[in-house]
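Notes follow the structure.
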Ligand SMILES: Nc1ncnc2c1ncn2[C@@H]1O[C@H](COP(=O)(O)OP(=O)(O)O)[C@@H](O)[C@H]1O
Ligand SMILES: [Mg+2]
């Protein structure tokens, strides 16, 4: 299963992507987490020490790999098939929780149909990743809607759109929803994160009903998560205690079905 996690900046994409990867790995899935945010920080959430995280070479900066995999000798034309397994084996870092992490890096040219080699490679990689029944691929997307224009997340089974209780976050969620549906993604869900009470819950609930966006559920605001972040620790260390992580685990179970 390929799951992309998207939404406005700061809504909790990285937390949710990281926690989903954790629960899939715990359930026995071979799990690959892809950091597709141009300012990558999924490594920390997955418990990879800072010094090690800093040494990871993003795919987009691996000129040799890009050339090898995409060049056809004709400008603007890229080879679209290659063995993803090689890439996973060669370029992943294994987190202490048993999750393989792949970092995509920055894609500098933006816009619809962008054909820069790095983007073509990333898109192709996601598209041609053959995911077996016992495998899970979780993508932590770039904030906002740009990645939809680039088609990076077009070939996923599930688009999970995260929103916190704010109109701005919900409007971005709606845009991503509409573009995802347009792109033909079959399962598009909204997740309400950082919920502190009934009013916030209702705001998201009403928005989803009004705009016909299927709601997967809610994640409560959780001081444990905030504190882990302040200390530069992985929130996954508190998987047993955190009510936010317990809620995300339930999403994992739903999606696994
Ligand atoms: N349920 C939650 N409860 C408390 N803090 C949260 C929760 N979800 C996310 N956060 C905090 O919000 C901030 C943004 O989360 P992050 O996952 O980095 O968002 P994004 O990847 O969407 O930018 C972080 O400081 C994170 O610890
Ligand atoms: Mg993030």
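We did not get these values from a lab; they are worked out from the coordinates using the rules stated. Quantities reported herein were computed from a predicted structural model and do not represent experimental measurements. So basically every Cβ, Gly included, is an ideal-geometry build from the backbone, and we count neighbours across all protein chains shown.
For the chain, DSSP calls about 10 percent of its internal beta bridges antiparallel.
Fewest neighbouring Cβ atoms within 10 Å first, the residues 238, 23 line up as 238, 23. Residue exposure proxy: 257, 177, 147, ordered by other Cβ atoms within 10 angstrom of their Cβ from fewest to most, comes out as 257, 177, 147.
In terms of the Cα gyration tensor, with a ≥ b ≥ c the square roots of its eigenvalues, is the range 197-246 rounded because a/c is under 1.5, prolate because a/b exceeds b/c, or oblate? The shape class here is prolate. Would you mind checking the tilt of helix 198-210 against the longest principal axis of the Cα atoms of the chain, expressed as 0 to 90 degrees and rounded to 10? That helix lies at roughly 50 degrees to the long axis. Efficiency by 1/(1 + (r/R0)^6): what FRET value for residue 26 and residue 63, r their Cβ-Cβ distance, R0 = 30 Å, to the nearest 0.05? Once rounded, the FRET efficiency stands at 0.25. When the chain is treated as a Gaussian network with alpha carbon springs shorter than 10 Å, the biggest mean-square fluctuation among 49, 40, 235 belongs to 49. Each stretch of four or more DSSP H residues adds -39500 (n - 2.57); spread over every residue of the chain, this sum gives -12000 deg cm²/dmol at 222 nm. The angle between the Cα long axis of helix 13-26 and the main principal axis of the chain comes to about 80°, on a 0 to 90 degree scale. Considering only 243, 198, 212, give the residue with the highest GNM mean-square fluctuation for the chain, with springs between Cα atoms whenever their separation is below 10 Å. Maximum among the listed residues: 198. Note: the chain, Cα convex hull, 117 Å³ per residue.
Computed with the Debye formula from one identical point scatterer per Cα of the range 147-257, without solvent, the log10 of I(q)/I(0) at q = 0.14, 0.15, 0.17, 0.21 Å⁻¹ comes to -0.62, -0.71, -0.89, -1.17. With respect to the chain, whose longest principal axis is taken over its alpha-carbon atoms, helix 117-128 is tilted by about 70°.
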